[in-house]
Every structure is written in structure tokens, then in C-alpha cells.
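Since the structure comes first, as C-alpha cells, the remarks are kept for the end.
The values are calculated or read from the model by the stated rules, or taken from the named source; none is laboratory data. Remember, it's a predicted structure, so these values are computed and weren't measured experimentally. FYI the Cβ positions are ideal-geometry reconstructions off the backbone, even for glycines, and counts take in every protein chain you see. The area values use the complete protein model at the heavy-atom level, side chains included, leaving out ligands, DNA and RNA. Shrake-Rupley method; radii C 1.70, N 1.55, O 1.52, S 1.80 Å.
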Number of protein chains: 2
Amino acid sequence: MASNEAPDIVVGRLPIYLRALTFMAEEGREITSSQELSEKLGISSAQIRKDLSHFGEFGKQGTGYEIAYLRDQLKRILHVEHTWPVALAGYGDLGHALANYGGFAAKGFEIVALFDTAPHKIGQELAGKQVRDLAELPTVVREKNIKVAIVAVPSAEAQGVANMLVESGIKAILNYAPINISVPADVQVQYIDPAAHLQHMTYYLE
Amino acid sequence: MASNEAPDIVVGRLPIYLRALTFMAEEGREITSSQELSEKLGISSAQIRKDLSHFGEFGKQGTGYEIAYLRDQLKRILHVEHTWPVALAGYGDLGHALANYGGFAAKGFEIVALFDTAPHKIGQELAGKQVRDLAELPTVVREKNIKVAIVAVPSAEAQGVANMLVESGIKAILNYAPINISVPADVQVQYIDPAAHLQHMTYYLE
């Protein structure tokens, strides 16, 4: 159960396992195996067993994994048994799409605050949430105790917004802008990089 | 050089290495090491060396990796020395953001055709490209010999659009809709799953 020993690369695969298990549970399935997960995910079954073994004993030799149980354990390990409030910086096309995105709720996240700098966007309302001036971000983030943020601003503004988020107490940033941003060591950054996914696939083409 | 032997999970890390190397090259850097890459990427240096060894001999013991050379080799391995034309299905907020996204060109991709079903969107123009009726997709995909597509339509339409893409000859699909889509074995699918990235980070929080 030495969970703080798990390499980050293993941690990054847990959401992929959780997604597959959630999908199977929705289909009414009860039991799966590392072999089945392997075929679905393109990760070897040995790797899957090894990854999960960092966090406990979840399967039985010969009987496989109980889907709902393993799903719930992964939710606990990833700290998404409850819902995290999320701040969204940038209310352009992408920000608007993210604010409407249907994939967050079931996975432990809810965008609770929207920010932009454009005067004509400030005050707009979406599903009961008002777009606020980016200048109010520090106050709102502290008031609502928000630790997670999404950056959907143009590249030229992304580092400045990241600095503001860090100063406000944000500890995890998902960055959509196609640039690297610098943050202190105690703040995490992940990137949405569609071109990297495309490159992964073009490896197999031609 | 047994490149067809590399596990998919290793292939998926090559774009991450390529991104880091490109960034270093832009900073004017010439040499790096698996240790430096390890610190930047949170992947162990042993893993990085092992990953790269699937594709050839790129570094020298004691001197490290020549950044521009390794970058160019990874581009070649991922088949992005040239630019792939990409079809974009769905011209809502997300589709509009993707059509304007600045992160594709330098990474080997160009969105060359936009499709939607909404009459008021068809005919709109963006940077010289016209939004076309989704019904024209098969013709355009064949004419332009497009193999790569991005799905940015609502979840309820994603499978239908994927079917259409597959029938038109598309071999690689990047899906933004938060649902699993089914495709034949010779077609690849990757998912943009922002919640999975957030879960990766919340593991470390609390």
C-alpha cells in the first residue's frame, strides 16, 4: 500500500483504468480481468497488474477484478469520491465549450467560476454562473477554496494567468494553451496537447 | 531498430519527448541528458533511455543527446517530418477553437476541411477555409486523401460521425466527445479527456 511510492507515470494511467471500469460498470458488467483491460487499452496485462499492485491487492488469481469495487478504489486513490470545484480562466470559444462540457460531473469536477478580461464577456451567464473579471479571481478562489483551475486563454496570456492562479492558492493547473508554463514545485501542471495525440497515431500510419 | 516492436505505451511517450526537445531547441539549447528530461517530464531517466532504445541509438554515454538530432529522429519516427491534412467534424465552440488553434502547424498537422450540419454554419469561412455540409465529408476526404480527423461534435452524434469518417477512409480519429466510440481494428482512436488529466493531479492533492 506504498501509494506515495508510485511513479507519476503509473498515477497517470489510473484515470485511464478508471474510465474503462466506469464504462464497463455502465454496461452492467461485474467482473473483468487484466487481459480484458489490456485488449481495451493497449497496455500489457502484466503492466496493468504491476500498476495496480502499487496501491493494494484488488484482484484474485483466476477470478479477476470486481469492476465496481476497483472503480471505487481508484476513485478513492485519485481523490475523486467527492467533487472538486474548478476555476476556468478564459471564456472564449474554448472556455465556452469547456463550461458546457458534459464530461466533468461524473469524474469528480465542477466548474464553479468563470473568468475573462473582455468587458463584453464579464457578466454573461451560463447555467447560473456569471463570467467575472479576471481581477476578481484571487478573491473568488480563496472564498470558494478552489485548488484546481483550467487555463483556456491565448498563449501570450497563459503564463500571466498561471502566475495569478498560483498566487491565489491554486495547486493544479490544466493548460490548454500550446506553450509550457512555469510554476513552483508544489503546483502541478498538465497539458491538453491534441497534436501529441495525433502524433501518437501517425506513428502507425503510412 | 525493431520499431514495430515498441509497445503502444512507449509510442505514446515519444510526442512528450518531442515536445520537450522542441522547446529546448527553441531556447537555443544543443545537448540534453536523460536526467534532465527526467526532471522536466517526471519520467525516470532509465525509462526514457529504455523507451528511446526501441528506436535506435541516439545518445552517447557521458555526452547525452544532441537535441536537434533527437528531435528530428523523433519527427521521422512519428511520421511528422511532413504535414498531415486533417478533417475537423463539428464547428461549434470547440470546433471553432480548434480551427484557430496555434499548436498544430509546428507539430505536423493542418486542419484543411471543416464540417458541420447546421445550415447557418455551412458556408462560413475561416482563414480561407469554408465550413461544408457534413454530407460532403466522404467526397472531400477522398479528394484530399485525408487520413486523420478530429471529432468535435456532441456526444450523441460522435459515433455516427465516426462511422462516416471510417467509411470515408480515415485511419486516425481524435475524439473530444466524452464517450467511447467503436471503430474497426485498423482505425485508431485517441481521446481528449480533460477530467483524466485533472484526476492525475488530484491524486497529489488533499
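Compactness ratio of the protein assembly as shown: Cα Rg over 2.2 N^0.38 Å, N = residue count? Please report the intermediate quantities before stating the final value.
Numbers: Rg = 21.3 Å, N = 412, 2.2 N^0.38 = 21.7 Å.
Expressed relative to 2.2 N^0.38 Å, the Cα Rg reads 0.98.
5 Å is the cut-off here: which amide hydrogens, built 1.01 Å from N in the peptide plane, fall below it relative to residue A:132, excluding neighbours closer than 5 in sequence?
Answer set, sorted by chain and number: A:114, A:115, A:116, A:123.
I'd like the carbon and sulfur percentage of the solvent accessible area for chain B, probe radius 1.4 Å, heavy atoms only, ligands and nucleic acids excluded. Intermediate values should be presented prior to the final figure.
Values: 4640 of 9390 Å².
Answer for chain B is 49 percent, counting heavy atoms of protein chains only.
Please work out which residue of chain B brings its Cβ closest to the axis of the rotation superposing B onto A, and round that distance to whole Å.
Smallest Cβ distance to the axis, with its residue: B:93, 2.
Taking the Cα atoms only, what angle lies between the long axis of helix A:14-26 and the longest principal axis of chain A, rounded to 10 degrees?
Approximately 70 degrees, to the nearest ten.
In what sequence, largest accessible area first, do B:166, A:131 appear using a 1.4 Å probe? Display every interim value, and only then the final one.
Details: B:166 35, A:131 0 Å².
In descending accessible area the options line up as B:166, A:131.
Largest first and in whole Å, give the semi-axes of the stretch A:78-131's equivalent ellipsoid, each being the square root of 5 times a Cα gyration tensor eigenvalue. Each step should come with its number before you reach the end.
Numbers: eigenvalues 102, 20, 16 Å².
Square roots of five times the eigenvalues give 23, 10, 9 Å.
Roughly what would the spin-label model give for residue B:206 and residue A:118, points 7 Å off Cα along C-beta, in nm?
3.7 nm
Rg(Cα) of the stretch A:36-162 divided by 2.2 N^0.38 Å?
Scaled against compact globular proteins, the figure is 1.40.
Shortest first and in nm with one decimal, please list how far the residue A:138 label point sits from its counterparts in the other copies (point 7 Å along Cα→Cβ).
Sorted ascending, the copy-to-copy spacings read 5.9 nm.
Can you give the mean number of other chain Cβ atoms that lie within 10 Å of the Cβ atoms in peptide A:186-195?
Details: counts 1, 1, 8, 2, 7, 4, 6, 6, 12, 14.
Per residue, the number of nearby Cβ atoms from other chains is 6 on average.
Placing a label point 7 Å from Cα toward Cβ, how far apart in nm is residue A:186 from its equivalents in the other copies, listed shortest first to one decimal?
Spacings between copies for this position, smallest first, are 5.5 nm.
How far is residue B:127 from itself in the other copies, in nm, if each label sits 7 Å out from Cα along the Cα-Cβ line, shortest first?
2.9
In whole Hz, what ³J(HN,Hα) sequence does the stretch A:175-181 give by Karplus (6.51, -1.76, 1.60; θ = phi - 60°), x for Gly and Pro?
9, 8, 6, x, 9, 6, 10
Could you tell me the accessible area of residue A:5 in Å² (1.4 Å probe, neighbours in place), rounded to the nearest ten?
Taking all protein chains as shown, residue A:5 has close to 130 Å².
How large is the accessible surface per residue of the stretch A:65-206, computed with a 1.4 Å probe and reported in Å² as a whole number?
41 Å²
Under a straight-distance cross-link criterion of Cα-Cα below 26 Å, which lysines are reachable from residue A:129, leaving out those fewer than 8 residues away in the same chain?
Straight-distance partners of residue A:129: A:107, A:121, A:144, A:147, A:171.
Averaged over peptide A:169-179, how many Cβ atoms belonging to another chain are found within 10 Å of each residue's Cβ?
What the average comes to for A:169-179 is 4.
Counting helices only, and only those DSSP H runs with n ≥ 4, report the 222 nm mean residue ellipticity of the protein assembly as shown as the sum of -39,500 (n - 2.57) divided by its residues, in deg cm²/dmol to the nearest 500.
-11500 deg cm²/dmol
From the phi of every residue in the stretch B:122-133, what ³J(HN,Hα) in whole Hz does the Karplus formula 6.51 cos²θ - 1.76 cosθ + 1.60 yield, where θ is phi - 60° and glycine or proline is x?
4, x, 4, 10, 9, 6, x, 9, 9, 6, 10, 5
Apply the Karplus curve 6.51 cos²θ - 1.76 cosθ + 1.60, θ = phi - 60°, to the phi angles in the stretch B:58-64 and return the couplings in whole Hz, x for Gly and Pro.
Computed from phi, the couplings for the stretch B:58-64 are 10, x, 10, 3, x, 10, x Hz.
What does the average come to when, for each residue of peptide A:95-106, you count the partner chain Cβ atoms lying within 10 Å of its Cβ?
5
Just to be sure I understand: if you take the accessible area of chain A alone plus chain B alone and subtract the pair, with a 1.4 Å probe, what total do you get in Å², rounded to 100?
Chains A and B together bury roughly 6000 Å² of accessible area.
Could you check what % of the DSSP bridge pairs in the stretch B:59-204 are antiparallel, to the nearest 5?
Working: 4 of 25 bridges.
Roughly 15 percent of the DSSP beta bridges within the stretch B:59-204 come out antiparallel.
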